[in-house]
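Here is the structure we will look at, set down as structure tokens.
The values are calculated or read from the model by the stated rules, or taken from the named source; none is laboratory data. Keep in mind it's a predicted model, so treat the numbers as computed, not measured. Note that each Cβ is placed from the backbone with ideal geometry, even for glycine, and that neighbours are counted across all protein chains shown.
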Amino acid sequence: MSCATPSICEPRIGILVASPSGELRRSLLSRVRSEHWQLAEAVSGAHALEQLESAEFELLLLDPALPDLDAAEFQELAQAQFPHLQILLLDRQSGKLQTSSAAPSVLSGQVVELLGDHGESSPGLIAETAAREDEKESCTALPGMIGESAAMQRVYRMAQLVSRRETTVLISGQSGTGKDLVAQAIHMLSPRRANPFVVINCAAIPEALLEAELFGYTKGAFTGAVQSRVGRIHSAHGGTLFLDEIGELPLSLQSKLLRFLEQGELQRLGSSDVFRVDVRVLAATNVQLSKLLAEQKFREDLYYRLAVFPIELPLLRDHLEDLPALASSFLSRFCTHKISLSAGATATLVQHTWPGNVRELRNVIERATIMAGDDHQILPHHILL
């Protein structure tokens with residue numbers, strides 16, 4: 001039976017992009033997108049080999065900064081197993097794309113042309129992305145944080161720049177990315193470091209009690225108020241107030257918080273007295289506040305008052321080059337004897353998508369140390385995902 005639409009029936013050519021950097025993968029994929037090509041991505045050498053075994057690929061765009069395998073070792077393995085595979089290697093120093101073959105294919109030539117206007121020497125945006133990823137001006141890691149990737153370097157730089165100011169900061173990122181650590185670091189690097197760092201989780205306190213926790217109350221203000229109490233805001237006087245899960249703050253309290261942010265004044269429940277309080281406010285959210293704005297669940301004026309200086313934390317899967325250092329840190333935390341990750345265990349870890357981010361990695365490593373017992377190496381069967 002003949003095909004009425006040959007262009008649809010023809011198998012599409014497979015192109016695989018391998019890089020631990022989510023930004024670089026997205027940049028490459030967006031530049032080479034075509035209806036004639038089947039695009040896929042891998043976050044590590046082991047993941048790329050797994051992809052190559054599971055489907056037909058004719059071209060691999062390879063970032064040499066693999067978190068688990070040396071680039072030369074990976075190329076040797078890949079070309080031994082898949083001799084017809086063309087590999088374009090990104091040189092992060094020059095931004096050039098180098099082919100693994102003395103006779104580049106028509107496909108690799110087409111891809112190089114798409115990535116730049118002047119052939120192999122100019123991959124355009126890709127070179128700029130790699131340059132940003134390899135930026136040499138590194139920042140010291142924030143207290144309690146680990147990672148030397150470009151994604152984490154940006155977080156460190158932003159936090160260090162704003163820590164010396166009184167600016168309100170909104171820290172966003174999925175659960176487990178370390179928002180609380182960034183908030184603590186900003187406080188510790190600020191002139192307020194000797195004063196209180198007060199945390200209130202807006203999602204952990206019932207709405208009926210949250211106002212009293214934030215603003216305080218006087219004796220008899222409500223049933224059960226047998227004595228007066230200052231709120232968390234007042235107790236942070238001279239220091240920093242960290243409002244975690246700010247997206248969960250009820251609408252009924254948002255206007256009152258906004259008044260405090262604008263005027264620096266608060267009233268306790270049951271009192272008409274006004275107190276001036278000197279507090280620097282940091283807030284964090286694991287939800288898109290812009291979505292809550294559209295749903296009219298969050299005040300627009302409060303959002304703009306909080307998000308004077310936004311800092312967004314990356315997902316762990318977007319900076320996998322930091323995973324070995326993070327894992328080693330957790331190993332030393334959970335083990336009293338010397339222990340290391342085997343190459344196989346590392347390969348298992350970097351292939352995972354990490355929906356729980358760094359917190360999930362910490363839990364996985366803790367389980368692995370329990371499974372390993374007195375062994376001196378974590379093996380793949382110790383990794384329970």
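The residue of segment 130-176 that is nearest to His319 (Cα to Cα), among those that are modelled with pLDDT under 90, surrounded by fewer than 17 Cβ atoms within 10 Å (Cβ to Cβ) and of a type in the set (Asp, Glu), is Glu148. Counting the residues of segment 362-385 that are part of a loop (DSSP other than H, G, I, E, B) and either aromatic (Phe, Trp, Tyr) or closer than 20 Å to Pro20 by Cα (or both) gives 1.
Taking the options Asp301, Asp278, name whichever one is at negative phi, in contact (Cβ under 8 Å) with a residue 12 or more places away in the chain, charged (D, E, K, R) and in a helix (DSSP H, G or I).
Just a single option satisfies the conditions, and that option is Asp301.
Residues in segment 245-275 that are of a type in the set (A, V, I, L, M, F, W, C), surrounded by fewer than 19 Cβ atoms within 10 Å (Cβ to Cβ) and in a loop (DSSP other than H, G, I, E, B): 1 in all. A single entry from Arg359, Arg268 fulfils the requirement of being among the basic types (Lys, Arg) and more than 30 Å from Ser21 (Cα to Cα): Arg268.
Just so you know, in segment 323-332 the residues that are in contact with a Ser or Thr (Cβ under 9 Å, 6 or more places away or on another chain) and farther than 15 Å from Trp354 by Cβ include one that is surrounded by the most Cβ atoms within 10 Å (Cβ to Cβ), and it is Leu331.
Can you tell me which residue in segment 333-353 is surrounded by the fewest Cβ atoms within 10 Å (Cβ to Cβ), limited to those that are of a type in the set (Ser, Thr, Tyr) and in a loop (DSSP other than H, G, I, E, B)? Before you say what the answer is, go through the steps one by one.
Narrowing segment 333-353 to residues of a type in the set (Ser, Thr, Tyr): 336, 340, 342, 346, 348, 353.
Still in the list and also in a loop (DSSP other than H, G, I, E, B): 336, 342, 353.
On the way: Thr336: 7, Ser342: 14, Thr353: 11.
The selected residue is Thr336.
Results for (1) outside any loop (DSSP other than H, G, I, E, B); (2) polar (S, T, N, Q), shown as yes or no for each residue.
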{"position": "Cys139", "(1), (2)": "no, no"}
{"position": "Ala151", "(1), (2)": "yes, no"}
{"position": "Arg154", "(1), (2)": "yes, no"}
{"position": "Met158", "(1), (2)": "yes, no"}
{"position": "Leu161", "(1), (2)": "yes, no"}
{"position": "Thr167", "(1), (2)": "no, yes"}
{"position": "Asp180", "(1), (2)": "yes, no"}
